[in-house]
Amino acid sequence: MTTTLPDPLEDDQPEEAVSVPAPVPLAPPPEYRYRRAFRFRSSLSALWRSRGIIWSLTLRDLRASYSQEVLGIAWALLAPLTLMVVFTFISNKVGKIPTGGVWYPIFAYVGLLPWTFFSSSVSSGGTSLVGNALLNKVYAPREVFPISDIIGSIVNVMCATIALGVLFLIDGSWPSLTSYWAIPLIVILLVFTTGVTLLVAGLTVYLRDMRHALPLMLQLGLFLSPIIYGLDKIPQQYRNLYVGINPLGAVIDGMRRCILYDSAPKASYTIIAAVVSCIWLAGSFMVFKRLETGFADVS
């Protein structure tokens, strides 16, 4: 008895299924990109554990900015000093701006110091995530990059404060004894600046046009903030709304009151600025952490 084996070449034999690998997506699906649970306490804990990375990034940026330069850190003084000279020239040509008996260069420079810190922090920190080679190499919360730029701006503005002491010596005057009120104003400035910087940094990753719009917005903000002029130029009925929209107005006005006029900052303006700054920081931090999941794929 003979048995015939099936011919493997016959067409009626069943074929084995061939598995084709699925294509690898280039980016996370849009419906999952922004869906991330936000836990405020755990986010703050992760940020605190990354404080060493923040310090390292700050030192690296400062060395890269001022190494092999003739003037070095003295460049931090040039921006506010140049603006102070320009504003003084405008004040002399256009008309005397009332300063309450204070020498105008000091009046303008006290307003320029908070603005210089704010604008440099937003400008550098707002674009710190775009094209950053360390974004996929450093395991840390992404907010460490804009925060390190903010700390670098603190160092720069502390160096720029030296020029204020020189201006007082030239004028033959001294800061008022109420200058200690500048401490809570500095805290408000830091909170507001951090909130705006985080929001701009997160949005710039997805909206690249922000890199071109940001310098224009900062230039506009320079003239909309009470730097060339005082807060008294804003009509009385709109001042609370003004400091609510722009807390820098309350900070600059409070700085001038406590350093130049021997009085405390106005309580209503300070409270409004403090509340709005905290809202900015909390809201911006939440938005930043929501957007964080797609930074590595988009930037």
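The values are calculated or read from the model by the stated rules, or taken from the named source; none is laboratory data. Predicted, not measured: the structure shown is a model, and the values here were computed from it. Here Cβ is always computed from backbone atoms with ideal geometry, including for glycine, and neighbour counts include all displayed protein chains. Ligands, DNA and RNA are stripped out before the accessible areas are found, and what is left, the full protein with its side chains, is counted by its heavy atoms. Shrake-Rupley method; radii C 1.70, N 1.55, O 1.52, S 1.80 Å.
Some notes on this structure:
- Pick from segment 84-94, criterion open to solvent by 30 Å² or more (accessible area, probe 1.4 Å) and free of Cβ contacts under 8 Å to residues at least 40 places away in the same chain, ranking: farthest from Gly172 (Cα to Cα): Val94
- Residue within segment 140-154 that is open to solvent by 20 Å² or more (accessible area, probe 1.4 Å), closer than 18 Å to Val85 by Cβ and in contact (Cβ under 8 Å) with a residue 40 or more places away in the chain present: no
- Out of Gly165, Gly202, Gly195, sole residue that is open to solvent by less than 50 Å² (accessible area, probe 1.4 Å) and without any contact (Cβ under 8 Å) to a residue 12 or more places away in the chain: Gly165
Table: residues versus (1) in a helix (DSSP H, G or I); (2) without any contact (Cβ under 8 Å) to a residue 24 or more places away in the chain.
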residue: His212; (1), (2): yes, yes
residue: Leu220; (1), (2): yes, yes
residue: Pro226; (1), (2): no, no
residue: Leu241; (1), (2): yes, yes
residue: Ser268; (1), (2): yes, no
residue: Gly283; (1), (2): yes, no
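- The residues of segment 98-138 that are free of Cβ contacts under 8 Å to residues at least 12 places away in the same chain and over 19 Å from Leu59 (Cβ atoms) amount to a single one, Gly101.
- Given (1) in contact with a Gly (Cβ under 8 Å, 6 or more places away or on another chain); (2) charged (D, E, K, R); (3) not in a helix (DSSP H, G or I), number of the condition Asp262 does not satisfy: (1)
- Just one of the listed residues (Leu185, Leu216) is surrounded by 18 or more Cβ atoms within 10 Å (Cβ to Cβ) and at pLDDT 90 or above, namely Leu185.
- Selection from segment 266-279 of residues that are out of contact with any Pro (no Cβ under 8 Å at 6 or more places or on another chain) and surrounded by 20 or more Cβ atoms within 10 Å (Cβ to Cβ): Tyr269
- Hits in segment 122-181 (condition: among the small types (Gly, Ala, Ser) and part of a helix (DSSP H, G or I)): Ser123, Ser124, Gly125, Ser148, Gly152, Ser153, Ala160, Ala163, Gly165, Ser179
- Selection count, segment 231-256, where residues are of a type in the set (A, V, I, L, M) and either open to solvent by 40 Å² or more (accessible area, probe 1.4 Å) or farther than 20 Å from Gly100 by Cα (or both): 4
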